[in-house]
Amino acid sequence: MALNPDQIQFFARFIQKELGIVYSETNEFQLRTRLEDIRTLLGLPDDLALFNKASSEGISGSFRELLLDVATNNETSFFRDPNLFRAIEQEVLPQAVAAKNGLPIRIWCAAASTGQEPFSMVMLLLEAFARGVPVRFDFTATDISGRVLERCRKGLYSQLEVQRGLPVTHLLKYFEKVEEGPNGSNPGWQLKSEVRNRVQFEKLNLLEPWAIVGPFDWIFCRNVLIYQNVENKRKIIERMVNLLNTGGFLILGAAESMVGLSEAFEPAQFGSAILYRKK
């Protein structure tokens with residue numbers, strides 16, 4: 001039996017309270033689909049049984065972890081937004097290497113998802129080092145989902161995933177073909193340890209206290225804040241300001257803007273990519 005709008009809003013309010021992610025009428029279908037996935041994983045007969053379980057027993061423990069895990073958007077790909085990666089490679093990175101004078105560039109990816117973004121950056125930095133750029137870096141990546149972080153640590157990807165944005169040269173250089181990829185996909189591809197081991201993965205909810213320690217030179221927070229209300233956006237950005245070195249960059253998604261959210265940054269344009277530099 002399908003859930004009525006009030007029952008859908010019961011879950012939407014819980015998700016917004018815990019994650020800040022807003023499910024409105026425009027994306028109600030997406031929430032319904034994700035609740036169906038949870039119901040299947042829990043072995044319940046229908047969606048009404050899921051609601052009855054949540055409303056009578058409460059949402060806690062493994063049920064809470066599963067709901068918050070499935071509620072997040074893990075859509076990503078390798079080298080998503082090539083203009084940004086080109087700008088970092090050609091302009092931002094050389095400037096950072098010169099400014100750091102031998103010290104490591106400290107990087108935080110605030111929403112690792114299944115790892116394509118942090119691993120894309122690591123491959124970019126390793127390629128620069130191979131060309132003679134004396135880059136050193138420390139890389140931390142976080143996500144609220146323990147499930148996707150486990151995937152990151154394993155570095156396993158399906159054939160479809162490595163075909164999305166990843167140059168063939170990088171696939172051959174940094175991946176090994178394995179018999180089984182994520183979720184039993186066949187064949188699979190696994191990142192070599194020289195890439196996987198360059199990122200430290202940690203679990204973190206952007207709305208809860210952060211154990212992560214700065215300061216950082218670059219913070220990637222791409223396509224994350226679009227799911228938050230304005231108040232949460234401002235709070236998250238203000239906390240990131242305190243973890244950035246002066247002159248460091250906050251890197252948002254291509255469709256995201258800092259307008260009306262913070263006065264601590266100034267836009268810096270590199271080609272067609274815009275990054276936000278801490279004043």
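The values are calculated or read from the model by the stated rules, or taken from the named source; none is laboratory data. No experiment lies behind these values; they were computed from the predicted model shown. No Cβ is skipped: glycine too gets one built from the backbone with ideal geometry, and neighbour counts run over all protein chains shown. Note: accessible area is taken over every heavy atom of the protein model, side chains too, but ligands, DNA and RNA are not part of it. Shrake-Rupley method; radii C 1.70, N 1.55, O 1.52, S 1.80 Å.
Key figures
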| quantity | calculated |
| --- | --- |
| Those helices (runs of 4 or more DSSP H) lying entirely in segment 1-102 with at least 2 residues within 30 Å of Gly165 (Cα to Cα) | 28-42, 61-71, 82-87, 93-100 |
| Residues within segment 252-279 that are of a type in the set (Gly, Ala, Ser) and open to solvent by less than 30 Å² (accessible area, probe 1.4 Å), tallied | 5 |
| Residue tally, condition among the basic types (Lys, Arg) and in a helix (DSSP H, G or I), over segment 165-197 | 2 |
| Test: residue in segment 54-63 that is touching a Leu at 6+ places or on another chain (Cβ under 9 Å) and buried (at least 21 other Cβ atoms within 10 Å of the Cβ) | no |
| Single match in Arg131, Arg151 (criterion: of a type in the set (D, E, K, R) and touching a Gly at 6+ places or on another chain (Cβ under 8 Å)) | Arg151 |
| Unique residue being touching an Asp or Glu at 6+ places or on another chain (Cβ under 8 Å), surrounded by fewer than 20 Cβ atoms within 10 Å (Cβ to Cβ), of a type outside the set (Phe, Trp, Tyr) and not in a loop (DSSP other than H, G, I, E, B) when the list is Arg147, Arg153 | Arg147 |
| Test: residue in segment 117-132 that is open to solvent by 40 Å² or more (accessible area, probe 1.4 Å), at pLDDT 95 or above, under 17 Å from Asn197 (Cβ atoms) and of a type in the set (Phe, Trp, Tyr) | yes |
